[in-house]
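The values are calculated or read from the model by the stated rules, or taken from the named source; none is laboratory data. Quick caveat: nothing in here was measured; it's all calculated off a predicted structure. Backbone-built Cβ (ideal geometry, glycine too); neighbour counts: all protein chains shown. Just so you know, the surface numbers come from the protein's heavy atoms only, side chains and all, with ligands and any DNA or RNA stripped out. Shrake-Rupley method; radii C 1.70, N 1.55, O 1.52, S 1.80 Å.
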Amino acid sequence: MDLGHWNIRTSQDVEFEVVETTDLLDPDNSLLRQIPGGGEAHSARLAVLDEVVEDLFGSRVRDYFAATDTPMNYMTMAAGDEHKTIENVLRIDSRLNEIGTERAGTPPIAMGGGVLQDVVGMATALYRRGIPYVRVPTTLLGQIDGSVSAKNGVNFEGYRNRLGTFHPPPLTLIDRAFIATLPERQVRSGMGEVLKMALVKDPQLFRLLEEFGPVLVQERCQDTGPLTREREPGREVMHRAITGMAQELQKNLWEKDLRRIVDYGHTFSPAVEMRSLPALFHGEAVAMGCLFCAALAVNRGLLAERDFDRIAGCIRGLGLHSTHEMFFDAGLLESAFADTMRHRGGAQHLALLTGIGSTVFVEDLTDHEVEEAAQMMRKQ
Ligand SMILES: NC(=O)c1ccc[n+]([C@@H]2O[C@H](COP(=O)([O-])OP(=O)(O)OC[C@H]3O[C@@H](n4cnc5c(N)ncnc54)[C@H](O)[C@@H]3O)[C@@H](O)[C@H]2O)c1
Ligand SMILES: [Zn+2]
């Protein structure tokens with residue numbers, strides 16, 4: 001018999017902004033100085049910069065804040081998934097503590113790719129049980145995918161994102177110019193995630209990738225060439241990817257519904273990505289994961305072979321590899337699937353394509369089908 005029973009029920013509105021801008025580091029552009037929610041910082045803030053971003057833009061960032069006498073502290077962090085660790089989270093929290101970052105008035109700024117964003121996101125989620133921060137993604141992947149996400153996390157004991165929280169920053173600033181300095185391979189990797197979004201819900205985005213893939217990568221989405229200046233496919237591709245992601249997240253921010261089409265291509269790829277670290281980048285593994293799931297769909301009669309070939313062609317057009325020997329290893333893929341299912345409440349919830357831009361969830365995939373699709377990946 002209950003002697004006492006308290007039922008606490010509450011809800012929280014979540015609202016966060018993603019703003020696209022140009023010339024973010026021009027002192028005339030006040031966005032980067034803005035304190036989300038208004039007001040002025042009454043003591044120094046921390047800016048955490050990716051080491052490469054520090055080299056490329058560090059002096060401009062310092063000039064930007066110096067121009068308005070805004071007091072700042074700076075620290076850097078190495079990127080790459082091998083640095084997405086709890087140790088780096090604690091290193092940032094130590095620095096926040098050292099400079100006395102407040103609960104609300106002095107939000108840190110995170111400038112870098114998805115790795116830095118995930119680490120700073122988690123550090124700010126833990127510090128004082130959560131403080132706001134400003135997110136400035138500087139990679140294509142960070143701008144089109146991480147930019148609207150509410151999640152952060154670190155890799156732990158060999159598993160991707162095993163520790164993490166939901167803690168969206170109130171303000172994210174996107175300046176496409178940052179992509180101009182990104183190594184081509186990183187741009188291709190970001191395109192892997194764009195491809196995923198195209199496949200699950202946006203056939204027009206897929207056609208843009210098919211038509212402009214190579215030039216988008218070469219121009220790093222800046223639309224600077226004769227082919228692209230007028231039509232701006234770089235801009236459209238980024239907008240469509242961000243919009244698609246925002247729509248999907250908004251209806252399921254806390255992931256109460258574990259059937260998420262944005263997880264397409266992320267079912268078998270995490271194990272491959274972690275096993276091969278640092279050989280494969282996230283988007284590279286995702287693109288292969290997309291094709292692997294397309295193979296599963298073809299073998300089930302859900303997807304036309306012609307569409308499978310178009311997807312494989314599009315992946316190659318983006319300069320990405322369509323396969324990797326780990327995708328031939330049915331045993332590895334089966335254990336990857338088992339681990340992903342643990343993340344999906346024990347269910348398969350596997351999104352498969354029924355065409356380019358449409359999906360269905362299946363719950364009855366067999367090991368035999370995984371083996372057959374692995375055979376198809378061998379021929380790629
Ligand atoms: N939380 C989320 O919802 C979410 C979403 C997408 C991706 N992610 C995570 O993001 C990570 C991948 O992100 P990433 O691809 O941005 O990797 P990354 O952060 O490692 O950056 C890639 C490389 O680009 C360099 N770089 C960053 N900005 C640059 C610039 N403007 N010019 C030149 N070089 C620059 C970095 O130093 C690094 O070498 C993965 O760990 C993934 O899990 C998280
Ligand atoms: Zn991803």
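For the chain, the longest principal axis of the alpha carbon atoms and the long axis of helix 233-250 meet at an angle near 90°.
For the chain, the longest principal axis of the alpha carbon atoms and the long axis of helix 114-126 meet at an angle near 60°. For the stretch 102-155 versus the stretch 259-309, the inter-centroid distance based on Cα atoms is 27 Å.
Expressed as a whole percent, the accessible surface of the stretch 36-105 that belongs to carbon and sulfur atoms is 48, based on a 1.4 Å probe. Site pair residue 335 and residue 378 shows an inter-label distance of 2.0 nm when each label is modelled 7 Å from Cα along Cα→Cβ.
Note on the chain: helix-only mean residue ellipticity at 222 nm, from DSSP H runs of 4+ residues weighted -39500 (n - 2.57) and normalised by residue number, equals -14000 deg cm²/dmol.
About its Cα centre, how strong a charge dipole does the chain have in debye, to the nearest 20, once Lys and Arg get +1 and Asp and Glu get -1 at the Cβ?
With only Lys, Arg, Asp and Glu charged at Cβ, the dipole is about 340 debye.
Taking the C-alpha atoms only, the angle from helix 51-66 to the longest principal axis of the chain is near 30 degrees. Using 0.36 nm per residue and subtracting the Cα-Cα separation, the extra length available between residue 258 and residue 369 on full extension is 37.7 nm. Hey, how many Å between the Cα centroid of the stretch 26-65 and the Cα centroid of the stretch 208-231? For the stretch 26-65 versus the stretch 208-231, the Cα centre distance is 30 Å. Pairs of Lys residues in the chain, spaced 8 or more positions apart or belonging to different chains, with C-alpha separations under 19 angstrom: 6 in total. Considering only 67, 180, 110, the Gaussian network model of the chain with Cα springs below 10 Å gives its largest mean-square fluctuation to 67. For the chain, the solvent-accessible area works out to 45 Å² per residue, with a probe of 1.4 Å and every protein chain left in place. Heavy-atom surface analysis with a 1.4 Å probe gives the stretch 108-192 a carbon and sulfur content of 51 percent of its accessible area.
Compared with the direct C-alpha span, the chain from residue 102 to residue 342 gains 82.7 nm at full extension, assuming 0.36 nm per residue.
Taking 7 Å steps out from each Cα toward its Cβ at residue 1 and residue 239 produces label points 6.7 nm apart.
Listed highest first by mean packing, meaning other Cβ atoms within 10 Å per residue, what order do 262-271, 88-97 come in?
So the order, starting with the most tightly packed, is 262-271, 88-97.
Among 63, 145, 202, the residue with the largest mean-square fluctuation in a Gaussian network model of the chain, with springs joining Cα atoms closer than 10 Å, is 63.
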